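Structure first, then comments.
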Amino acid sequence: MRRNDGVTWEHVRHEEAAAFAASAEAALTGQLAVCAGSCGPGNTHLINGLYDANRSRVPVLAIAAQIPGAEIGSGYFQETHPQELFREASVYTELVSQADQMPRILEIAMRTAVERRGVAVVVVPGEIFLADSAGRRKSAPIAFSPRVTRPTDPELQAAADILNTAKRVTILSGAGAEGAHPQLVSIASALQAPIVHAMRGKEFIEYDNPYDVGMTGLLGFSSGYRAMESCDALLMLGTDFPYQQFYPSKAKIIQVDLRGENLGRRVPLDLGLVGSVKDTVEALLPLLNERKDRKHLESSLSHYSKARKSLDDLAVNDRNRTPIHPQYVARLISELASDDAVFIPDVGSPVVWAARYLRMNGRRRLIGSFTHGSMANALPQAIGAQTAFPQRQVVALAGDGGLAMLLGELLTLRQNKLPVKIIVFNNSSLNFVEVEMKAAGFVNFGTGLENPDFAQIAQAAGLHGQRVEKPDELESALRTAFAHDGPALVDVVTARQELSIPPAITAKQVGGFTLYALRTIMNGRGDELIDLADTNVFRRLFD
C-alpha cells in the first residue's frame, strides 16, 4: 500500500472512527470503501461503525486481523471470533485459512458488498498476510451495474386502479428516490398528490419540488403528518419509514421498494411492488388518469406553508437573549454554507435541527447515522466525507455528547489536514433524551454534561476554535470558520430547554409533560420549569 498510489492509508485515532469514515465515503460516492482493524480489540472497535454502514446499505469492506491460525481456540492473547462478531453487521463474513484462498475470498467479499449494498468482512490470521499466494487470474472490474427493475404489467395496472379510484393520494418517499427526482415530481403532478419525505429522502426530494409538504415522523412537520393522515391512498416510494404510529389508519397503501423483503414490514399493504422508484414510476405514469381535483394538494400545501412559517419564526435572534436557540444556529449554517456542502449531524437534537432548517438544492448532501442511530457519528463521518471530497465544504453539526465520545478525532483532522468545519450544539445535556423523559413524565436525571470549552480544546489540537455565547456573535463566527483554510470548530452555547416537539402530540405525551411539571416542582426544581417555559413559551405544545 505504501508503494501504491491508487490507495491511500488514512490514519485515525480510534477504529470506530475508521468504520464511520468508510461508511460516509461509501454513502457519498456509491463505491466500495475499506477500513481495517488489528486482531482482537482492534477490530471489535469497528463494530458500531460497520453496523451503521450495513444498516445504511452502503458498500464497505472491513479487513479484520486475527491471531495466528494455530492458536485459534486456545484462549490466546487478544483472541476473539470475528466471524461470529461481525455476522449480524454484514452481508458476508469469512475467514481466510490459507494464503491461496485470499485473492478469491477477497473478490467474493468485494463483489458481495457492492451488489448487496452492505458490509463484507474478511478475517485474516497474521501469518496469512506474510505468506505468498499462487495468485488468481484478474477478474472483471468490481463495480455496481445499474439495471432496470420494475414490476410486471399486471402489478402496475393493479397499482393504477387503486390510484385512479382514490380521491386523496399522498406520496411518502425516502432514500430510494435518489436519482428519480424528475419522475417523483411527474407522478405527483399526475396524481395532484402532496409529497411527504422521510429523513433519508430529504436531500433527494425537497428541492425544486412544488409538491413537497415536509417530513413526518419524530423529526417532522405537522403538515407531513396531516397530509398522510387525511389521504385515502398512500403511495410509498423507496422508503422503509419505521414509525407505525405515523401511518394513516384508513387509507389504501401501495409500497414500491427495490428490496422485496421490505414490503409490508411497517404497515399492512394493499399492494406491494418490487422495483426501483425511477423505473416503476416511468412505467406507471402512462396508466394514470389525469387528475384535475387539487383540493387535497392545496390543503396540504397551505398547511405546510403555515407549519414552515411557524418553524422559521423560531429560528431567529430573539433580542440577543441567551442562551442561543439551536434553530437559529441551524438556519445560519444553511444560509452561510457553500452551495455544494456536505452536512453531517450527530444523532440527537442536531438531527432535528438539520431536518427542519438545512435547505437542500440537489447539489448539497445530507448524511448521518439515520437508520442505526448512533451518537458520535458526525465527526468521524466528516473525516470520511472530507477525505473523499477534499475540495468540498464538509460541515459536522456535532452534539456536545457525541463530540466528546470521539473527541480524539480532532487530532485526525489536524494530522490529515482535513478542513472539516465542526459546529457544536453545546447545551450541556443529552438533550433529545431529556425531551423523551419530559414526554414520559420523568424529571430529568443523569442527562447533564459538565462540558469543557470545546473551542479551547480545538485550539490546543491545532484547529481554529471559537466559542459563541451571544446570538449577535454567531454569524461572524460561522463566516470566519467557513472561510478558514483548515479545520475549524465553533462551540455554540445553545438552550438546554428547547423542545423539539413531534408533529403529532398524543394525549399521553401531554399528560407526560403535565406530570413532568408536577414532579419537577415537587423535587424543588421549579427553576427548571420556569426556564422551560421561558425558552419555549410552551409553543406548539397545545396547538
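In table form, for the structure just shown:
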| read-out | value |
| --- | --- |
| Matching entry among A177, A227 (being modelled with pLDDT of 95 or more and in contact with a Leu (Cβ under 7 Å, 6 or more places away or on another chain)) | A177 |
| Residue that is in contact with a Leu (Cβ under 7 Å, 6 or more places away or on another chain) and buried (at least 24 other Cβ atoms within 10 Å of the Cβ), where the choices are T216, T239 | T239 |
| In the range 246-255, residue nearest to G176 (Cα to Cα) [restricted to those that are buried (at least 18 other Cβ atoms within 10 Å of the Cβ) and out of contact with any Phe, Trp or Tyr (no Cβ under 7 Å at 6 or more places or on another chain)] | Q255 |
| Members of the range 394-441 found to be more than 16 Å from G384 (Cα to Cα), in contact with an Asp or Glu (Cβ under 7 Å, 6 or more places away or on another chain) and either surrounded by fewer than 24 Cβ atoms within 10 Å (Cβ to Cβ) or free of Cβ contacts under 8 Å to residues at least 40 places away in the same chain (or both), listed by number | S428 |
| Residue count, the range 107-146 (criterion: assigned to a loop (DSSP other than H, G, I, E, B), aliphatic (A, V, I, L, M) and under 25 Å from P68 (Cβ atoms)) | 2 |
| Of all residues making up the range 218-238, the number that are part of a loop (DSSP other than H, G, I, E, B) and out of contact with any His (no Cβ under 8 Å at 6 or more places or on another chain) | 6 |
| Any hit, the range 313-325, residues being of a type outside the set (D, E), touching a residue at least 24 places away in the same chain (Cβ under 8 Å) and crowded, with 23+ Cβ neighbours inside 10 Å | yes |
| The lone exception for T93 - which of (1) crowded, with 18+ Cβ neighbours inside 10 Å; (2) outside any strand (DSSP E or B); (3) not hydrophobic (A, V, I, L, M, F, W, C) it fails | (2) |
| Complete set of residues in the range 449-482 that are part of a helix (DSSP H, G or I), more than 12 Å from L332 (Cβ to Cβ) and not hydroxyl-bearing (S, T, Y) | F454, A455, Q456, I457, A458, Q459, A460 |
| Which listed residue is farther than 16 Å from A488 by Cα and touching a helix residue (DSSP H, G or I) at 6+ places or on another chain (Cβ under 6 Å), from G384, G399 | G384 |
| Residues of the range 256-275 classified as among the acidic types (D, E) and touching a strand residue (DSSP E or B) at 6+ places or on another chain (Cβ under 8 Å), total | 2 |
| Residue satisfying condition, being surrounded by 19 or more Cβ atoms within 10 Å (Cβ to Cβ), under 30 Å from R55 (Cα atoms) and touching a residue at least 12 places away in the same chain (Cβ under 8 Å), within set L234, L269, L258, L297 | L234 |
| So S249, is it of a type in the set (S, T, Y), more than 24 Å from the chain's Cα centre (by Cα) and in a loop (DSSP other than H, G, I, E, B) | yes |
| Count of residues meeting criterion [under 26 Å from S300 (Cα atoms) and crowded, with 20+ Cβ neighbours inside 10 Å] in the range 139-177 | 13 |
| Selection status of A227, within 26 Å of the chain's Cα centre (by Cα), buried (at least 24 other Cβ atoms within 10 Å of the Cβ) and in contact (Cβ under 8 Å) with a residue 60 or more places away in the chain | yes |
| Residue check, G75 farther than 21 Å from F129 by Cα and over 27 Å from the mean Cα position of the chain (by Cα) | yes |
| Residue in the range 3-56 that is modelled with the lowest pLDDT, counting only those that are among the small types (G, A, S) and not in a helix (DSSP H, G or I) | G6 |
| Breaking point among (1) in a helix (DSSP H, G or I); (2) within 30 Å of P146 (Cα to Cα); (3) not polar (S, T, N, Q), for E84 | (2) |
| Residue match in the range 340-358 (condition: out of contact with any Lys or Arg (no Cβ under 9 Å at 6 or more places or on another chain), in contact (Cβ under 8 Å) with a residue 60 or more places away in the chain and polar (S, T, N, Q)) | yes |
| Selection count, the range 437-448, where residues are in contact with a helix residue (DSSP H, G or I) (Cβ under 6 Å, 6 or more places away or on another chain) and either in a strand (DSSP E or B) or among the hydrophobic types (A, V, I, L, M, F, W, C) (or both) | 3 |
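Residues are listed down the side, and each one gets a yes or a no for (1) under 27 Å from A404 (Cα atoms); (2) free of Cβ contacts under 8 Å to residues at least 40 places away in the same chain; (3) surrounded by fewer than 23 Cβ atoms within 10 Å (Cβ to Cβ):
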{"residue": "A19", "(1), (2), (3)": "yes, no, no"}
{"residue": "E25", "(1), (2), (3)": "yes, no, no"}
{"residue": "L32", "(1), (2), (3)": "no, no, yes"}
{"residue": "C35", "(1), (2), (3)": "yes, yes, no"}
{"residue": "G40", "(1), (2), (3)": "yes, no, yes"}
{"residue": "I47", "(1), (2), (3)": "yes, no, yes"}
{"residue": "V60", "(1), (2), (3)": "yes, no, no"}
{"residue": "A65", "(1), (2), (3)": "no, no, yes"}
{"residue": "P68", "(1), (2), (3)": "no, no, yes"}
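The values are calculated or read from the model by the stated rules, or taken from the named source; none is laboratory data. Computed from a predicted structure; not experimentally measured. Positions of Cβ are generated from backbone atoms using ideal geometry, with glycine treated the same way; all protein chains shown enter the neighbour counts.
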